[in-house]
Amino acid sequence: MMIAEKLNTIKSNLPQNVTLIAVSKTKPEEDIMEAYRAGHRDFGENKVQEMTAKYENLPKDIRWHMIGHVQRNKVKYMAPFVHMIHGVDSLKLLKEIEKQAKKQDRVINCLLQIHIAREESKFGLDEEELKELLASEAFSQMKYVHIKGLMGMATFTDKQEVVQSEFSYLKQLFESLKKDQESWPHLSMEVLSMGMSGDYELAVECGSTMVRIGSSIFGERNYQ
């Protein structure tokens, strides 16, 4: 099955309110162009250098999503063009995004990454840290970042009930922030990004509005 066919099959099974991020990390530009010619515009990368190189060479109406863990010293390279940064997991990182966005005179959309998995290796804020970040003076003064929602990665396990409880927890947190979003001028809970190739159907059932799918579209990754 060709990339375009796989992409369209997945898209046709998603509800209309769910955005598909085609995760193109490690994949060649011709694969991205095949998906692009099929009408797709949202692509996800997890390394800033790779995303920047692809941005230089590919059509400028592509919306690039930074879905990996972000090092602060790399923010400046993607600040001119990135559409959304998914993995904001600290106030320090958010301050750096604010600083670099200001230099570019553009607002950068971000998602706050919440740690929902049982694995310690996954990044993200816990509920206490999330509240501290939102209550901080630094956050209240930001003008160049816009928090559009939350992102989370579930535990890598075959136990559906574990994954379901993690997604449900994130959805609950999302809804409670949505109720209070008027308290923060640059917070609008529009995006709940959860679900990848192995668990996106369950994520959508639990209320996800954005899924990140790579191998089911592009095939297995080639890590050199």
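The values are calculated or read from the model by the stated rules, or taken from the named source; none is laboratory data. All values reported here derive from a predicted model rather than from experimental measurement. All Cβ positions, even for glycine, are placed from backbone atoms using ideal geometry, and neighbour counts span all protein chains on display. All accessible areas refer to the heavy atoms of the entire protein, side chains included, with ligands and DNA or RNA removed. Shrake-Rupley method; radii C 1.70, N 1.55, O 1.52, S 1.80 Å.
Among the numbered conditions (1) part of a helix (DSSP H, G or I); (2) open to solvent by less than 10 Å² (accessible area, probe 1.4 Å), the only one that CYS110 does not meet is (1). Restricting the stretch 1-19 to residues that are closer than 12 Å to SER216 by Cα and under 20 Å from the mean Cα position of the chain (by Cα) leaves a set whose member that is most open to solvent (accessible area, probe 1.4 Å) is LYS11.
Flag not set for GLU201, criterion: under 19 Å from GLU119 (Cα atoms) and charged (D, E, K, R). Residue count for the stretch 94-140, restricted to those that are touching a Gly at 6+ places or on another chain (Cβ under 6 Å) and not hydrophobic (A, V, I, L, M, F, W, C): 2.
Of the numbered criteria (1) in contact (Cβ under 8 Å) with a residue 40 or more places away in the chain; (2) within 16 Å of TRP184 (Cβ to Cβ), the one ALA117 fails is (2).
Looking across the stretch 33-47, the residues that are more than 13 Å from PRO59 (Cβ to Cβ) and without any contact (Cβ under 8 Å) to a residue 24 or more places away in the chain come down to GLU45, ASN46, LYS47. Considering the stretch 179-195, the residues that are over 12 Å from PHE167 (Cα atoms) and aliphatic (A, V, I, L, M) include one that is modelled with the lowest pLDDT, namely LEU187.
One residue stands out among those in the stretch 66-81 that are touching an Asp or Glu at 6+ places or on another chain (Cβ under 7 Å) and part of a helix (DSSP H, G or I): the one that is surrounded by the most Cβ atoms within 10 Å (Cβ to Cβ), which is VAL75. Within the stretch 82-99, is there a residue that is assigned to a loop (DSSP other than H, G, I, E, B), open to solvent by 20 Å² or more (accessible area, probe 1.4 Å), of a type outside the set (Ser, Thr, Tyr) and without any contact (Cβ under 8 Å) to a residue 24 or more places away in the chain? No.
Can you name the helices (runs of 4 or more DSSP H) wholly within the stretch 1-65 that have at least 1 residues being among the aliphatic types (A, V, I, L, M) and under 21 Å from ILE85 (Cα atoms)? Those helices (runs of 4 or more DSSP H) span 29-37, 48-57. The residues of the stretch 41-63 that are touching a Leu at 6+ places or on another chain (Cβ under 9 Å) and surrounded by fewer than 22 Cβ atoms within 10 Å (Cβ to Cβ) amount to a single one, ASP42. Just name the residue that is modelled with the lowest pLDDT out of those in the stretch 121-160 that are among the basic types (Lys, Arg) and open to solvent by less than 90 Å² (accessible area, probe 1.4 Å). The selected residue is LYS122.
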